[in-house]
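Participant: Here's a structure for you.
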Amino acid sequence: MLNHLSHPAPEIPTIDQAYSKISNSITVEWATVPGATGYLLTAEDGDTVIETMVANSPGTVTGLKAATLYQITVRSISATGRSQASPPKQAKTVLAAPILEVSSPSPDSILVQWEAVYMAIGFSVSIMRANGLGRIWKENTTNTSLTFTSLEAGTLYTIKAYAWNANGTPGDDSTCNQRTSPPAPANIRVSFDSGALKASVSWAPREGAFNYTVMALSDSSELSCRTTLSACTISSLQCGTEYLISVLASNDAGSSKSTSAEALKTVACAPGRVTIQEDPPGHLSVAWSDVDLGDYYVAFVKSDDGLEVHCNTSLTQCNFLSECGFTYFISVFAYNKAGQSPLGDVFNYTTAPCCPTDINPVLVSSDRVEIVWSPVRGAELYETKAVDGFTVVECNDTAPACTLSALECDTKYNITVYSFSEVRGSNMSCTSQFITTAPCSPEIKSVSKDAYSTINVHWRPTNDDATYTVTAQGETGLFRCSSRGESCAMAGLPCGSVFSITVVAETQAGRSLPSYSVPLETVPCCPAGLTVTQVTQSLINVSWTVGTGAQTYVTVLESHTGQSKCLTHQNQCLLGCISCGVNYTVVLKAISATGLTADCTYQSYSSSACCPLGVKLYRLGPNGIRIYWQASRGSANYSTDLYGSKGIFTCAPSAGLSFCDVTEIPCGDVYTVMVSPVAETGLKLTFCPKKIYSVTCSGSTLGMVIYRGKRNAE
């Protein structure tokens, strides 16, 4: 107890004043208590007690309710303890600050709204540019909203507001910034890209706009693009659609829309339901459905060789000329002021392949026809048909050629070449032509030879209106005869030849195959030349040239005195027992290996005159000799030759004489004397006997010459 009394509590403070400047606190002022190290402030409103420790005066109690009457007390605190509470003093907190909701309903206005403030009977609201420039607008109101107008668009403003009570005491103020919405975009320009179906939109930049939104609105869709720049592109526009283009400028306060929308008509859509017909061939009709926003149409037709044509029409159909064998690529576009519609489906139409027109039979035989033609456009295959009544022969090939076989000879066929393509099938409009096969081969019935060596060939006719040609072919060449009947005669065939006889039938369609051949052999040829040479007075040599085809020869010399004959394989023969000075008939037979004989007759032959007899020499003076002989039967010319060492001396008698004289012959020599008949050709025969005489120079000048002997004819 004594200790407690020695440390008294600090003095009780006395509050000078208590007031509120902020709605959640009251500030208290008091006189300083000596020895106090701190103070405890207490605020009571009947429901709650709030205490706050402070170091000295003034002190503030916080965490209070706005517009509430509080009883305030203060206690001093020291090391010895705390004092009793001071006499209470009442103070009321000021009104709470309005809670503002600010917006910019238009580019030139800001709307300020708040909820009612407890115990407030009025409000003061002021506004100014956030940058401090310009005037301050201030308005008092008892309402809970206020609109400031005639502001600058897109500008940041600072708004301050507070409430006051019945005493006019202002409460807490509330401050916020608000930007007015940007001005509506102007000078809007729209550029349409018809190929990409997009629109480029541009406008004049607006103050205070953070970004822009471009909207394209149609009956069925809405497209937009957003940008911070002054241009934007809207993609994926629909063809055949009318859009209203508007631009919205935005910032944190709101947005403003352009006052007027720009109308944009896109290109028309590609025409649909395209139909293509070719009727008649060579004429294409292209039709399509009408499309929205299409002012006119252009149909393009491009062939696969690169050639393109088009037609321009406000209708929904175009007609074009077409050609066979082409594939046409067809597209239809719609046009308006915006441009060309997008590319729709590209249709292709392949016309029927062309028909071959230059069908040329390169080979026509009795059972086969080979035809060729130039390739035609569009043909992938060719179908060839040959029709004869109910008989049809076909061939199919990708090549522009066909060989129709197993046909009937001498028959007229209706031949058609159809062109075929996988897309269009066969072109059945191709024209046909008639081709007649070559005639049938004849059949030889007989080959005969008449008495005049004329060959007659007979055959069995097998064709209508045909010309038949008979051919004899051998090593010596070809021989022919022609006839429109059943036989033909052929003369002038060379002798000594072997021929093959055939018959060929020919019509306008061609030639048949040759008939089976029949062999024919002509008689051997007579030798072209025959020579008879007198070997001796009774022996002759007959020689001849070779006769073509002859293998054996028979030679016959015949006269009134008899016949001489020889058989030989050679081309000469010696015939004996020939009488001198006789005319002979010369006959030669040429015989072939098969026994065919040619009787060859030549000019008659006269054997040489007989050699003279009794040849004697007589002296005629000192230098002359007379040669005398006895002529043989028949008339003949003679020639006398004297052969000596000093020369050869010749004399010929006058006609009808049997002697001749040689003058100026040297004596004292031995002479060989030969008197020879002279043939009609002037040739002296040398086979007569020779005699040797010695001519001396002494004795009489007349008389015989000494005979020394004779020599055989050389």
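Participant: Among residues other than Ala120 whose Cβ falls under 13 Å from its Cβ, what is the net charge (Lys/Arg +1, Asp/Glu -1)?
Facilitator: Numbers: positive: none; negative: Glu115, Asp172, Asp173.
Charge balance near Ala120 sits at -3.
Participant: Shifting gears a bit: Over the stretch 531-607, what percent of the accessible surface lies on carbon and sulfur atoms, probe 1.4 Å? The partial results should precede the final answer.
Facilitator: Working: 1940 of 3970 Å².
C and S fraction of accessible area: 49 percent.
Participant: Once you have the Cα-Cα distance between Ala204 and Val587, take 0.36 nm times their residue separation minus that, and quote the gain in nm to one decimal.
Facilitator: Numbers: separation 383, 0.36 × 383 = 137.88 nm, distance 13.99 nm.
Difference between extended and current length: 123.9 nm.
Participant: For Thr561, project a label point 7 Å along Cα to C-beta. Then give me every residue of the stretch 631-669 with its amide nitrogen under 20 Å of that point.
Facilitator: Once the point is set 7 Å along Cα→Cβ of Thr561, 631-639 turn out to lie under 20 Å by backbone N, inside the stretch 631-669.
Participant: May I pose another question? Suppose R0 equals 51 Å. What FRET efficiency, 1/(1 + (r/R0)^6) with r the Cβ-Cβ distance, do Thr14 and Asn187 give to the nearest 0.05?
Facilitator: E(calc), rounded to 0.05, equals 0.10.
Participant: Still on this structure: Cross-link candidates for Lys449: which lysines have Cα within less than 29 Å, leaving aside residues fewer than 8 places away along the same chain?
Facilitator: By straight Cα distance, Lys449 reaches Lys589.
Participant: OK, next. Between Ser285 and Leu307, 0.36 nm times their residue separation minus their Cα-Cα distance comes to what? List each step's numbers first, then the result.
Facilitator: Numbers: separation 22, 0.36 × 22 = 7.92 nm, distance 1.78 nm.
So the chain would gain 6.1 nm between Ser285 and Leu307.
Participant: At a 1.4 Å probe, what is the % contribution of carbon and sulfur to the accessible area of the stretch 362-405?
Facilitator: Values: 1160 of 2310 Å².
Reported share for carbon and sulfur atoms: 50 percent.
Participant: Of the GluC sites (Glu not before Pro) in the stretch 477-539, which ones lie in a loop per DSSP and count no more than 13 other C-beta atoms within 10 Å? Before the final figure, lay out each step's value.
Facilitator: Numbers: sites: Glu486, Glu506, Glu521; in loops: Glu486.
The qualifying sites are Glu486.
Participant: Considering only DSSP states other than H, G, I, E and B, which trypsin sites (Lys or Arg not before Pro) in the stretch 626-692 qualify as loop sites with at most 15 other Cβ atoms within 10 Å? Let's see the in-between values first.
Facilitator: Working: sites: Arg626, Arg633, Lys646, Lys684, Lys690, Lys691; in loops: Arg633, Lys646.
Listed in order of number, the matching sites are Arg633, Lys646.
Participant: Give me the accessible area per residue for the chain, probe 1.4 Å, as a whole number in Å². Please report the intermediate quantities before stating the final value.
Facilitator: Working: 37560 Å² over 714 residues.
Here the residues of the chain average 53 Å² of exposed surface.
Participant: Let me ask something additional. List, in the order given, every pair from Lys89/Lys160; Lys302/Lys337; Lys257/Lys337; Lys138/Lys257; Lys160/Lys257; Lys646/Lys691 whose Cα-Cα distance in the structure shown is over 23 Å. Write out the running numbers ahead of the final one.
Facilitator: On the way: Lys89/Lys160 32 Å; Lys302/Lys337 25 Å; Lys257/Lys337 28 Å; Lys138/Lys257 30 Å; Lys160/Lys257 29 Å; Lys646/Lys691 17 Å.
Those over the limit are Lys89/Lys160; Lys302/Lys337; Lys257/Lys337; Lys138/Lys257; Lys160/Lys257.
Participant: What do you get when you divide the Cα radius of gyration of the chain by 2.2 N^0.38 Å, with N the number of residues? Walk me through the numbers on the way to the answer.
Facilitator: Details: Rg = 77.7 Å, N = 714, 2.2 N^0.38 = 26.7 Å.
Normalised Cα radius of gyration, the chain: 2.91.
Participant: Here is a further query. Could you name the aspartates and glutamates in cross-link range of Lys198, using Cα to Cα under 19 Å and dropping any fewer than eight places away on the same chain?
Facilitator: Correct list for Lys198: Asp219, Glu222, Glu242, Glu262, Asp292.
Participant: Could you please tell me the mean projected area of the C-alpha convex hull for the stretch 613-705, averaged over all directions and given in square nanometres to one decimal? Before the final figure, lay out the partial values.
Facilitator: Details: hull surface 23.1 nm².
About 5.8 nm², averaged over all directions.
Participant: To the nearest 0.05, how large is the calculated FRET efficiency for Thr62 and Ile121 if R₀ is 30 Å and r is the Cβ-Cβ distance?
Facilitator: Values: r = 26 Å, r/R0 = 0.86.
Computed FRET efficiency for Thr62 and Ile121 comes out at 0.70.
Participant: With only Lys, Arg, Asp and Glu charged, each at its Cβ (+1 for the first two, -1 for the last two), find how big the charge dipole of the stretch 100-179 is about the Cα centre; round to the nearest 20 debye. Show your work: numbers first, answer last.
Facilitator: Working: 5 positive and 7 negative charges, 47 e Å.
Magnitude of the dipole: close to 220 debye.
Participant: Okay, next question. How high is the relative contact order of the stretch 357-436, in percent, counting Cα pairs under 8 Å that sit 6 or more residues apart? Intermediate values should be presented prior to the final figure.
Facilitator: Numbers: 162 pairs, mean separation 22.6, N = 80.
Relative contact order of the stretch 357-436: 28 percent.
Participant: State the extension gain, in nm to one decimal, for the chain segment bounded by Ser487 and Ser109, taking 0.36 nm per residue of separation less the distance between their alpha-carbons. Write down the numbers at each step before the final one.
Facilitator: On the way: separation 378, 0.36 × 378 = 136.08 nm, distance 13.14 nm.
Length difference between fully extended and current span is 122.9 nm.
Participant: Let me ask something additional. Between the stretch 535-596 and the stretch 310-345, how many Å separate their Cα centres?
Facilitator: 105
Participant: How big is the gap, in Å, between the Cα center of the stretch 409-453 and the Cα center of the stretch 42-111?
Facilitator: 132
Participant: What FRET efficiency, computed as 1/(1 + (r/R0)^6) with R0 = 41 Å and r the Cβ-Cβ distance, is obtained for Thr681 and Arg480, rounded to the nearest 0.05?
Facilitator: On the way: r = 44 Å, r/R0 = 1.08.
For R0 = 41 Å, the calculated efficiency reads 0.40.
Participant: Taking 8 Å as the Cα distance limit and 6 or more residues as the minimum spacing, I'd like the relative contact order of the stretch 14-92 as a percentage.
Facilitator: On the way: 190 pairs, mean separation 27.5, N = 79.
Answer for the stretch 14-92 is 35 percent.
Participant: Counting other Cβ atoms within 10 Å, which chymotrypsin sites (Phe, Trp or Tyr not before Pro) in the stretch 255-311 have at most 13 and lie in a DSSP loop? Please report the intermediate quantities before stating the final value.
Facilitator: Working: sites: Trp288, Tyr296, Tyr297, Phe300; in loops: Trp288.
Sites meeting the loop and neighbour criteria: none at all.
Participant: Let me ask something additional. List the relative contact order of the chain as a percent without decimals, with contacts defined as Cα pairs under 8 Å and 6+ residues apart. Intermediate results must be reported in sequence, preceding the final value.
Facilitator: Values: 1961 pairs, mean separation 34.2, N = 714.
With pairs under 8 Å counted, the relative contact order is 5 percent.
Participant: Assign unit charges at the C-beta atoms only (+1 for Lys and Arg, -1 for Asp and Glu), then state the dipole size of the chain relative to its Cα centre in Debye, rounded to the nearest 20.
Facilitator: Values: 44 positive and 58 negative charges, 888 e Å.
Roughly 4260 debye for the chain.
Participant: So, one more: For the chain, with the dipole built from +1 on Lys and Arg beta-carbon atoms and -1 on Asp and Glu ones, taken about the Cα centre, which of Asn319, Ser221, Ile77 lies farthest toward the positive end?
Facilitator: Going by the charge dipole, the pick is Asn319.
The values are calculated or read from the model by the stated rules, or taken from the named source; none is laboratory data. Being a predicted model, the structure only gives us computed values, none of them experimental. We place every Cβ from the backbone using ideal geometry, glycine too, and count neighbours over all the protein chains shown. Surface accessibility is based on the protein's heavy atoms, side chains included, excluding ligands, DNA and RNA. Shrake-Rupley method; radii C 1.70, N 1.55, O 1.52, S 1.80 Å.
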